[in-house]
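One structure is given here, and the rest of the page talks about it.
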Amino acid sequence: MAKRRAAADLGSVASWLAENPLRKWRGAQKPEGWRQAVLARQIKASHTAVRLWEEGKRLPKIDAFAKLEALTKITCQEWMDWYKRRPKPKKKGEAR
């Protein structure tokens, strides 16, 4: 039987995801212009990679960081600052 990951506080996860620099940038663009697939094509990445970056499950690789910075003006430092603030999973038996 597979072990289940301890869940982080869903409110803190949602607020952390809302602060994602790429999500914020896409949200500030015209609604018809920058879907994940369009952004992925512009930087020659997969739309799945863009989704994982926005979900905080992965960070872009260095070449993708460079392309994203050129296109969006989001620096590597901004990404890392956001990523370091990710909520920690709660341990078994820990109070919610």
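The values are calculated or read from the model by the stated rules, or taken from the named source; none is laboratory data. Keep in mind the model is a prediction, meaning the values are calculated, not measured. Because the Cβ atoms are built from the backbone with ideal geometry, glycine has one as well, and the counts that use them run over all protein chains shown.
Things worth noting here:
- Subset of the range 70-79 [in a helix (DSSP H, G or I) and surrounded by 13 or more Cβ atoms within 10 Å (Cβ to Cβ)]: LEU71, THR72, CYS76, GLU78, TRP79
- When GLN77, GLN29 are screened for being of a type in the set (S, T, N, Q) and modelled with pLDDT under 90, only GLN29 passes.
- Here ARG86 fulfils each of the conditions (1) free of Cβ contacts under 8 Å to residues at least 60 places away in the same chain; (2) outside any helix (DSSP H, G or I) apart from (1).
- Verdict on ILE62 being aliphatic (A, V, I, L, M), modelled with pLDDT under 95 and either over 14 Å from the mean Cα position of the chain (by Cα) or over 24 Å from SER15 (Cβ atoms) (or both): yes
- Some residue of the range 44-54 being closer than 22 Å to ALA18 by Cβ, modelled with pLDDT of 90 or more, surrounded by fewer than 13 Cβ atoms within 10 Å (Cβ to Cβ) and among the β-branched types (Val, Ile, Thr): yes
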